[in-house]
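**Q** Take a look at this one; I'll ask things after.
The values are calculated or read from the model by the stated rules, or taken from the named source; none is laboratory data. Because the structure is predicted, anything quoted here is derived from the model rather than measured. Note that each Cβ is placed from the backbone with ideal geometry, even for glycine, and that neighbours are counted across all protein chains shown.
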Amino acid sequence: MTKPAVAAVDWGTSSFRLWLLDAAGAVLAERRSGEGMLTAGAEGFGPILEKHLAAVGAPDSLPVVVCGMAGARQGWIEAPYVTLPAGLDGILAGAVPVPGQGSGQGSDRTRKIRILPGLAQRNANEPDVMRGEETQLAGVLPLFASGRHVICMPGTHSKWVEAEGGVIAGFRTWLTGELFSVLSKQSILRHSLGDNVAPALPDTPAFVAACTDALAQGGDIGPSLFRIRAATLLQDLRPADAAAKLSGLLIGAEIASARQLFDLPAGEVILVASGPLGTLYAAALRLAGCAVLQADADDAVRTGLFEAAKRLGWTGPVSESSLS
């Protein structure tokens, strides 16, 4: 049986993901739960981690590399932000040790645990931070190791990253996912979308039309948002189409704004996303005239965590194309 070399953990605000990896980075076991930072802050990060490690049969001495909100100020132990511009080698080398962690029932040994730092853009006029996405960037580094590239990373807080020669030069954050949640649940539009909000599909005419509208308006979607409510009252707009319109407007507005900042039509956009959200963004980017190179977000964060484990000397040698 293949022996595990490291446990890789992506610890978000509301989610926990753990992979047991061998020395080549292959997945031997996986655990997922809703025990994110908000839960772990009350129950304890160490006990939650050990519970999941025990569930996959991890040895007491197995090291663990962690990214995400476990390294936030309100997390397990703060992993200070690395200031831009930054190469990913320096970011992953900045992993912070978690001291004094017991490694099993009745054991007097301690488990090696490292938490990766986030990234900070400290420009006085454009301050921004990310935590967790930097590890996804490490996982897709071969896609932007040379030349200039723009990377789109959708989510609750979507990140757009500008890289030059493998170095992160700058990034911007859009609250697209959070805005969809707030507008669909707490605004007047909740009456149009209904209690069970239907997921948008990329080929739904309502999504395509709304996204095209937002792109044409350069992201100025204020009046278009209320038209969702008006169309519900006057044109019997169905809840599923209302949800598709809201998704299309918000994603289209984000891309329209990013297009102005990053000159997107000039080249290919690297899209790091998984599942239905990745499909929506890929369709929207193509509507905006962008070529899309897509990478799976789950694969990216797992690969990035494994590259960090390599830098820590916990696995085999670092590959030439891994981190520059």
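**Q** May I ask you to list the residues in the stretch 1-27 that are assigned to a loop (DSSP other than H, G, I, E, B), aliphatic (A, V, I, L, M) and surrounded by 20 or more Cβ atoms within 10 Å (Cβ to Cβ)?
**A** Answer for the stretch 1-27, where residues must be assigned to a loop (DSSP other than H, G, I, E, B), aliphatic (A, V, I, L, M) and surrounded by 20 or more Cβ atoms within 10 Å (Cβ to Cβ): just Ala5.
**Q** I've got another one for you. Select from the stretch 262-303 the residues that are of a type outside the set (A, V, I, L, M), in contact with a His (Cβ under 9 Å, 6 or more places away or on another chain) and in a strand (DSSP E or B) and list them in ascending order.
**A** Once the filter is applied, which keeps residues that are of a type outside the set (A, V, I, L, M), in contact with a His (Cβ under 9 Å, 6 or more places away or on another chain) and in a strand (DSSP E or B), the stretch 262-303 yields only Glu268.
**Q** Which of the residues spanning the stretch 285-299 are closer than 30 Å to Glu30 by Cβ and either surrounded by 20 or more Cβ atoms within 10 Å (Cβ to Cβ) or touching a Pro at 6+ places or on another chain (Cβ under 7 Å) (or both)?
**A** Answer for the stretch 285-299, where residues must be closer than 30 Å to Glu30 by Cβ and either surrounded by 20 or more Cβ atoms within 10 Å (Cβ to Cβ) or touching a Pro at 6+ places or on another chain (Cβ under 7 Å) (or both): Leu285, Ala295, Ala297.
**Q** Among Ala210, Ala206, Ala198, Ala169, which is among the aliphatic types (A, V, I, L, M) and within 28 Å of Asn125 (Cα to Cα)?
**A** The conditions single out Ala169.
**Q** Please enumerate the residues belonging to the stretch 170-212 that are of a type in the set (Lys, Arg) and over 24 Å from the mean Cα position of the chain (by Cα).
**A** Listed by number, the list holds a single entry, Arg190.
**Q** Would you confirm whether or not the stretch 254-276 contains a residue that is basic (Lys, Arg), at pLDDT below 95 and buried (at least 17 other Cβ atoms within 10 Å of the Cβ)?
**A** So far as the stretch 254-276 goes, yes, one or more of its residues are basic (Lys, Arg), at pLDDT below 95 and buried (at least 17 other Cβ atoms within 10 Å of the Cβ).
**Q** Now a separate question. Looking only at the stretch 225-241, decide whether some residue is aromatic (Phe, Trp, Tyr) and either over 26 Å from the mean Cα position of the chain (by Cα) or exposed (fewer than 14 other Cβ atoms within 10 Å of the Cβ) (or both).
**A** There is at least one residue in the stretch 225-241 that is aromatic (Phe, Trp, Tyr) and either over 26 Å from the mean Cα position of the chain (by Cα) or exposed (fewer than 14 other Cβ atoms within 10 Å of the Cβ) (or both).
**Q** Return yes or no: is Ala58 more than 23 Å from Gln136 (Cβ to Cβ), surrounded by 15 or more Cβ atoms within 10 Å (Cβ to Cβ), in contact with a Pro (Cβ under 9 Å, 6 or more places away or on another chain) and not acidic (Asp, Glu)?
**A** yes
**Q** What number goes with the only condition from (1) of a type outside the set (D, E, K, R); (2) modelled with pLDDT under 95; (3) touching a Phe, Trp or Tyr at 6+ places or on another chain (Cβ under 8 Å); (4) farther than 20 Å from Gly100 by Cα that Ala40 does not pass?
**A** Every condition holds for Ala40 apart from (4).
**Q** Kindly indicate which of Leu175, Leu193, Leu179 is over 30 Å from Ala124 (Cα atoms) and modelled with pLDDT of 95 or more.
**A** Leu193
**Q** Could I ask something else about it? For the stretch 28-43, enumerate the residues that are surrounded by fewer than 13 Cβ atoms within 10 Å (Cβ to Cβ) and either of a type in the set (Ser, Thr, Tyr) or more than 22 Å from Gly155 (Cβ to Cβ) (or both).
**A** Selection gives Ala42, Glu43.
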